[in-house]
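**Student:** What follows is a structure written as structure tokens; I'll ask about it next.
A short reminder: the numbers here are calculations on the coordinates, not readings from a lab. Just so we're clear, the structure is a prediction, and the values are computed from it rather than from any experiment. Don't worry about glycine lacking a Cβ; one is built from the backbone with ideal geometry, like all the others, and counts go over all protein chains shown.
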Amino acid sequence: MSFIADLHIHSRFSRATSPDMTPEGIWRWAQLKGIAVIGTGDFTHPGWFKEIADKLEPSENGLLTLKKQYRNQDIPSSCRADVFFMVTGEVSCIYSKDGKTRKVHCILMVPDMQTAARINITLSKIGNLKSDGRPILGLDARELLNITLDASPEALFIPAHAWTPHFSVFGAASGFNSLSECFEDLTPYVFSIETGLSSDPPMNWRLSSLDNITLISNSDAHSPVKIGREANIFETEVSYRGITEAIKTKKGFRNTIEFFPEEGKYHYDGHRNCGICLAPEQTKAYDYICPVCKKRITIGVMHRVQTLADRDNGSRPEGAPDYRSIIPLNEVIAEALKTGQNSKAVMSEYFKIISNLGPEFKILLETPLDDIGRVSHPLISEAIKRVRENKIHISPGYDGEYGRIKIFEEKDIKVNSRQMSLF
Amino acid sequence: MTENPILSGLNKAQIKAVTHTEGPLLVVAGPGTGKTHTIVRRIAYLLDIGVKPHEILAITFTNRAAREMRERTEAFTGQKGIGISIVTFHMFGLNMLRHITGREFTLIGRDEQVEILKDLTGGRVKDGLDALDKISKIKNLFDEKGMENNSIYQRYQAILRDMNALDLDDLILLPVELLTRDEKAWSYGEMFRYIMIDEYQDINPSQYRLIKALSRFTWNICAVGDSDQAIYAFRGADVENFLNFERDFHGAEVVVLDENYRSSGIILEASQNLIKNNTKRIKKDIHAIREIENIPIKLISTYDERAEAEAIVREIENRIGAISHFHIMQAKQSYDYGEGSYRFSDFAILYRTNSQSRKLKEAFVEAGIPFKVIGDTDSRVLKQIEERLKNRLNDISHGSTLESILEEAFSSVEDDELTGLKRNLIFAYRDLPVVEGLSRVIDELSLFTSPDAFDPEADAVHLMTLHMSKGLEFKVVFIAGVEDGIIPYRLSQRDGDDEEERRLFYVGMTRARDELCLCYCENRSDHGKGTGQRPSPFIKEIPEAYIKHMVLSRREKAKKKPRQQRLF
Ligand SMILES: [Zn+2]
Ligand SMILES: [Zn+2]
Ligand SMILES: [Zn+2]
């Protein structure tokens, strides 16, 4: 069976997250998006651990479900479906190795709450787990992998958003040049990396060392509406084992759903506060020094990939799963309506569409454009068409600033508006 | 001439300390001068010239110090070092008593002492604690009058005798007594031909008597220590013993280890300028060996202790770089990531009194920076829970589950972190049979409550009192609350001992390898004080040229906020 999974999100116990990231809220939004399996996130946090222990219950397949008495949020019938939770968490390892400060975020996936508890006990000897749902620990990432494997051989350890400059295994600022530099003898237990919003599979295909690694994609959502902005499509049984085996072997891992990497916050180089956005070549021309503040430029993902790549652009290793690029539906609507992403108008259009036609992923990937056109603004189905055909323009993100999407040129809007007035 | 490998890499003074084996020797070892290194080589040298392992006795104050010295000696001497006694004062006493009496004793701990004394003084815990203080003082100060006249003392000793029990202080007193009259004790004492005592400045009168008693059998007494680091007067230690060593041990040689391998020149000079204002000391002139950048001592003044804590957090963030995406997005400038190589355990925050740790902890929790408070209440609470569970292990009633047992043992705990730990322990082990699950839980807890609070493996910012910092070192050290009345510490009208307080500050300063930050507030509420705090008078004893002053008043803080927002 084919299904969509988003395995890296955060609860309301993480910093700068929405108070709606509750088990109920996540359960609801997974359905609106069309996600069958979603990570719990934050299992290390004592408050969240209690909440998932109280509100979720284990099911036969090694995943959890929301207890019946908590399923009282309003879901349009077009979207209603089963949602399973996988026990997941993320740890920020900040440590020093080979004479450099290292900062590596890592995703942990575990088969049950018992394994999560065992990991938590070990981690609480090392640091404080309650300050943040994604705790910062002075722990070598290799040691964290070791702890994870010790807790259960079925647990899975995945370097998170592997390319972001500040907090990732390949990050330009405080990462490594290869997985083995970081994980040494345990490198064979790293089966997968998360590509992050600012990189897509073709960029990762440029490193032959990643040929055997499964490239997964998750939303890293801090609020419900961001759930599923990246995700994975599996073609296997809906179970902990099914999913983790697919990640380990690529068998049953069909493809990823990707952000356009240009839209990611760290695609290009630059300085957000100096208003400087540079392509890798330009950065080199400036000798890595910001022309405004004279400090070192924040190196983006594109640049970093180019530095570590051993293949040219456009090469694709054999057996690499496919991918689909999307723009989240609310952003598409916002672009069509020329209004803010989270505005009332956008959200009411959003709910109108999914209530009529089904969950967001279905709309973005499958629903015939005519059907979309029938229930919504014609510019919206035109926008979805352009996204599906990759006919869009994005000014790239840099140094923490999201890229800016442009689906329509000014003239398109005028033409379309005139057509509109004819109705 | 081929160099003796035992002496290789040692400086002149260290070689002298190592090779002077016969007759009394006082080694004055300032901070960072390679004290343990020298003692280890001295032991190796003794073995090399034919001294038998069992003839060597090295006495330390803490288990940690004994363990470290033992490990380093074994690493250097290998098999040859087996049989050397490297022990604490208490361990020495216990070994000796076992050896010469052939009997076993019950050793009672602090909790049991309080229990006994509580009953003797009318049933209140507070009275029991007070009595314990008094009795401990009588024993440590070797107060013979007190022993003869204090009725509680005598009743307490009688109870212990009936129980065939000893308390920790008895492990020093009893050997002293036996060495004066028991022949078996003499032959035990005669065994040790070479005796070394670490941290000699910290010995109390009864420990002094023990050393004197042992010196009747050998004159090869080597005392190692630093009069400038004597900080245990409140426990009855007396720095005079150190200063009188030459008088007590005729013909003593004095060696001053004068090369510092730890701190930058500026930190070392500043601390020496401070400590030379003391009178009770052995004068010494130490110079810095490490060739590193001389970063001025940062003096940070803030509006209150909350701002102080935030300033310290910021200083750490500046060095380690962005801690989270959240911090990056908050920052008003793009993060410059240098080639820095800091880890959290490179930083320590020292303070005079435990109550100062509260605001600091809050700031670290808020920043999400991993930290450990040495000697924290958490580990005491966990220790109690561990004890409670151990008692339950033999007494598990039918129908009780791991969950019910843990819920009961943790019932008085309110802290989220510990409640979270309880829940995790239940989830991790509830599927096991109750007894097995419970023993696993006890094993886990014992790792949280290791006897030596400082865990060098724990990569976290360390928070501790100045007293706890002795013997440790960190790349960057912050001393918080460098204010008059706190450093030097003064309780109400009663003046403290300024020399002791200066030594304590000196110990704190000399923990720093690369950088030292001193902080003081204008206002403080965590210390029973209100407004109008003044900086510590000790700051004036540091030459101004070594100091870079940074003033963060409340006004400055308020000014910055709007600018930050405008940039978004
Ligand atoms: Zn992350
Ligand atoms: Zn995350
Ligand atoms: Zn700049």
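**Student:** Which of B:ASP228, A:ASP132, A:ASP185 comes first, and how do the rest follow, when ranked by fewest Cβ neighbours within 10 Å?
**Tutor:** A:ASP185, A:ASP132, B:ASP228
**Student:** Work out the mean other chain Cβ neighbour count within 10 Å for the residues of A:6-19 and drop it here as an integer.
**Tutor:** Going residue by residue through A:6-19 and averaging, the value is 1.
**Student:** With a cut-off of 8 Å between alpha carbons and a minimum separation of six or more residues, what is the relative contact order of chain B in percent?
**Tutor:** Contact order relative to length: 17 percent.
**Student:** State, to one decimal in nm, how far the label point of B:LEU243 lies from the label point of B:ASP182, with both points 7 Å from Cα in the Cβ direction.
**Tutor:** Calculated label separation equals 3.6 nm.
**Student:** Do the sum for chain A: with -39,500 (n - 2.57) for every DSSP H run of n ≥ 4, divided by all residues, what is the mean residue ellipticity at 222 nm, to the nearest 500 deg cm²/dmol?
**Tutor:** -9500 deg cm²/dmol
**Student:** Sequence gap at least 6, Cα distance under 8 Å: using those rules, report the relative contact order of the stretch A:241-327 to the nearest whole percent.
**Tutor:** Relative contact order, the stretch A:241-327: 38 percent.
**Student:** On to the next question. So for the protein assembly as shown, taking the charge dipole from beta-carbon charges (+1 Lys/Arg, -1 Asp/Glu), which of B:LEU425, B:THR21, B:ASN150 sits furthest toward the positive end?
**Tutor:** Highest projection toward the positive end goes to B:LEU425.
**Student:** Further question on the same structure: Give the peptides B:405-413, A:253-261, A:360-368 in descending order of average Cβ contacts within 10 Å, highest first.
**Tutor:** A:253-261, A:360-368, B:405-413
**Student:** If you don't mind, another one. Is chain B rounded, prolate or oblate when judged by the Cα gyration tensor, a ≥ b ≥ c being the square roots of its eigenvalues, rounded requiring a/c under 1.5 and prolate requiring a/b larger than b/c?
**Tutor:** It comes out oblate by the Cα gyration axes.
**Student:** I need A:TRP27, B:TRP186, A:TRP48 ordered by Cβ neighbour count within 10 Å, fewest first.
**Tutor:** So the ranking, lowest neighbour count to highest, is B:TRP186, A:TRP27, A:TRP48.
**Student:** Using Cα centres only, tell me the gap between the stretch A:254-314 and the stretch A:326-386 in whole Å.
**Tutor:** If you average the Cα positions of each part, the centres end up 31 Å apart.
**Student:** So, by mean Cβ neighbours within 10 angstrom, what's the order for B:538-548, B:141-151, B:37-47 with the highest one leading?
**Tutor:** For the peptides B:538-548, B:141-151, B:37-47, the packing ranking is B:37-47, B:538-548, B:141-151.
**Student:** So what is the calculated 222 nm ellipticity per residue for chain B, using -39500 (n - 2.57) for each DSSP H run with n of 4 or more, over all residues, to the nearest 500 deg cm²/dmol?
**Tutor:** Result for chain B, helices only: -14000 deg cm²/dmol.
**Student:** What shape does the protein assembly as shown have by the C-alpha gyration tensor, where a ≥ b ≥ c are the square roots of the eigenvalues, rounded means a/c under 1.5, and otherwise prolate means a/b greater than b/c and oblate the rest?
**Tutor:** prolate
**Student:** Further question on the same structure: Diagonalise the Cα gyration tensor of the stretch A:328-422 and give the resulting equivalent ellipsoid semi-axes, square root of 5 times each eigenvalue, largest first, whole Å.
**Tutor:** So the three semi-axes of the stretch A:328-422 are 20, 17, 13 Å.
**Student:** Another question, if that's okay. Provide a whole-number value for the mean count of partner chain Cβ atoms within 10 Å of the Cβ atoms in peptide B:359-368.
**Tutor:** Counting Cβ atoms of other protein chains within 10 Å of each residue's Cβ and averaging gives 2.
**Student:** Moving to a separate point now. Nearest 20 debye, what's the magnitude of the dipole of the protein assembly as shown about its Cα centre given +1 on Lys and Arg Cβ and -1 on Asp and Glu Cβ?
**Tutor:** Here the size comes out at about 2140 debye.
**Student:** Which order do peptides A:187-198, B:463-474, A:332-343 fall in by mean Cβ count within 10 Å, highest first?
**Tutor:** With the highest mean Cβ count within 10 Å placed first, the list reads A:187-198, B:463-474, A:332-343.
**Student:** Also, quick follow-up: Can you give the charge dipole size of chain B about its Cα centre, rounded to the nearest 20 debye, using +1 on the beta carbon of Lys and Arg and -1 on the beta carbon of Asp and Glu?
**Tutor:** 1140 debye
**Student:** Mind sorting A:MET203, A:MET1, B:MET163 by how few other Cβ atoms lie within 10 Å of their own Cβ, fewest first?
**Tutor:** By the 10 Å Cβ count, ascending: A:MET1, B:MET163, A:MET203.
**Student:** Pairs B:LYS126/B:LYS390; B:LYS35/B:LYS361; B:LYS372/B:LYS422; A:LYS97/B:LYS359; B:LYS284/B:LYS470; B:LYS475/B:LYS548: which exceed 22 Å Cα-Cα?
**Tutor:** Long pairs (Cα-Cα over 22 Å): B:LYS126/B:LYS390; B:LYS35/B:LYS361; A:LYS97/B:LYS359.
**Student:** Suppose R0 equals 22 Å; then what is the FRET efficiency for A:LYS338 and A:ASN390 from their Cβ-Cβ distance, rounded to the nearest 0.05?
**Tutor:** The pair A:LYS338/A:ASN390 has a calculated efficiency of 0.55.
**Student:** Need one value for A:93-104: mean number of C-beta atoms belonging to other chains within 10 Å of its residues' C-beta atoms.
**Tutor:** 5
**Student:** Please give the charge dipole size of chain A, origin at the Cα centre, charges +1 on K and R Cβ atoms and -1 on D and E Cβ atoms. Round to the nearest 20 debye.
**Tutor:** Here chain A has a charge dipole of around 960 debye.
**Student:** Among A:PRO224, A:LEU308, A:ALA162, flag the residue with its Cα farthest along the positive direction of the charge dipole of chain A, charges on Cβ as +1 for Lys/Arg and -1 for Asp/Glu.
**Tutor:** Toward the positive end, the furthest listed residue is A:PRO224.
**Student:** What's the center-to-center distance, using Cα atoms, between the stretch B:1-62 and the stretch A:190-220 in Å?
**Tutor:** After rounding, the separation between the Cα centres reads 57 Å.
**Student:** Could you tell me which GluC sites (Glu not before Pro) in the stretch B:261-324 are loop residues by DSSP with no more than 12 other beta carbons within 10 angstrom of their beta carbon?
**Tutor:** For GluC sites (Glu not before Pro) across the stretch B:261-324 that sit outside H, G, I, E and B with at most 12 neighbouring Cβ atoms in 10 Å, the list reads B:GLU291, B:GLU293.
**Student:** What distance in nm separates the two pseudo spin-label positions at B:LEU7 and B:ARG64, each 7 Å out from Cα along the beta-carbon direction?
**Tutor:** The two pseudo-label positions are separated by 3.4 nm.
**Student:** Considering amide H positions built from the backbone, and no H for Pro or chain starts, which residues 5 or more places from B:GLU253, or on another chain, come under 5 Å of its amide H?
**Tutor:** Amide H neighbours of B:GLU253, under 5 Å, 5+ apart: B:LEU25, B:LEU26.
**Student:** From the phi angles alone, apply the Karplus equation (6.51, -1.76, 1.60; θ = phi - 60°) to the stretch B:468-477 and give each ³J(HN,Hα) in whole Hz, x where the residue is Gly or Pro.
**Tutor:** My calculation for the stretch B:468-477 gives 5, 7, 4, x, 9, 8, 9, 4, 10, 10 Hz in order.
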